Amino acid sequence: MDMAKKSLGQHWLNDAAALEAIAEAAEIKSTDTILEIGPGLGNLTHYLVSQAGHVIAVEVDEELAANLEINLSHHIPPIPEDVPPEVLKVSKDGTWKERLTVVQGDILKFDLNELPAGYKVVANIPYYLTSNLLRVLAESSNPPSAMVLLVQKEVAQRVCAEPGQMSLLSVSVQLYYDTRLGVVVPAKLFTPPPKVDSQVVILRRYAKPLFKGLDNQKFFQIVKAGFSGRRKKLRSSLAAGLHISKGQADELLAKAKINGNLRAQNLSVADWHNLYLAYK
């Protein structure tokens, strides 16, 4: 088996039940295009190519990218003779290869506009990449219609947080996606095992934007200002982050009908929108 590289945050998930749960959560159709990020040995890729119309697997590791199809052929058990091809949406003569495109490169430099509208992302992504990748995907001019990601458990719960536990990450994702937690995957199911458990997070893009005519740059200017002082009350963090006086911050909060004694984590996405409208 290929040795995992610590520098790339590689941990191989080999548990069939967990892999099946990830693929099932994506509700893959035979017409779907799936973007898989960091396919590694192809353990999850197997489930994706057996269900989707096309899988584009982007792998930064040159050796793994070059060997992905070989690994798939070696590590995938043969399809039982009594299973009809249409059930797996893949023929027994190996034509799954025709629906797999392997791209060697950095996903953060990958041109998402090359993908068809409505594509889905399904991946077990390195912990260090999660926040940055979520932002890039969510804010893309061609964003995925859905994402099913296996990430650090703590991060998954931050993404799906409710007011009281919100963060810049949760606001950034929930502005664009309905969020839901999936199965927890214990660290022991990975090789090598990471230091913490993982969890599946399921994101489905809103059919329509939550707010019409939103200036995203100005919206996040306010959100980032609010979270700039994590332990501070909103009036103080907004004043410092927006370079205004505390009196002006109080006026802004009053206009948005938000208690200035709250902290940023207490606000919902709708509350931030109210602040944005008050600040315009």
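The values are calculated or read from the model by the stated rules, or taken from the named source; none is laboratory data. Since the model is a prediction, treat every value here as computed from it, not as a measurement. Don't worry about glycine lacking a Cβ; one is built from the backbone with ideal geometry, like all the others, and counts go over all protein chains shown.
Structure notes:
- Every pair of residues 6+ apart whose Cβ atoms lie under 6 Å, when the first sits in segment 159-173 and is within 21 Å of Ser198 (Cβ to Cβ) while the second is charged (D, E, K, R) and surrounded by fewer than 17 Cβ atoms within 10 Å (Cβ to Cβ): Ser172/Arg135
- Qualifying residue in segment 212-229 (condition: of a type in the set (Phe, Trp, Tyr), in contact (Cβ under 8 Å) with a residue 12 or more places away in the chain, closer than 17 Å to Leu134 by Cα and not assigned by TED's automatic domain parsing to the domain that holds Leu150): yes
- Condition check for Leu175: within 28 Å of Asn259 (Cβ to Cβ), hydrophobic (A, V, I, L, M, F, W, C) and in the same structural domain as Asn43 (by TED's automatic domain parsing): yes
This table checks each residue for (1) touching a helix residue (DSSP H, G or I) at 6+ places or on another chain (Cβ under 6 Å); (2) of a type in the set (Asp, Glu).
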| residue | (1), (2) |
| --- | --- |
| Gly182 | yes, no |
| Thr191 | no, no |
| Leu210 | no, no |
| Ser228 | yes, no |
| Ser237 | yes, no |
| Ala240 | no, no |
| Glu251 | no, yes |
| Lys257 | no, no |
| Asn261 | no, no |
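- Odd one out for Gly247, checked against (1) in a loop (DSSP other than H, G, I, E, B); (2) outside the structural domain of Tyr127 (by TED's automatic domain parsing): (1)
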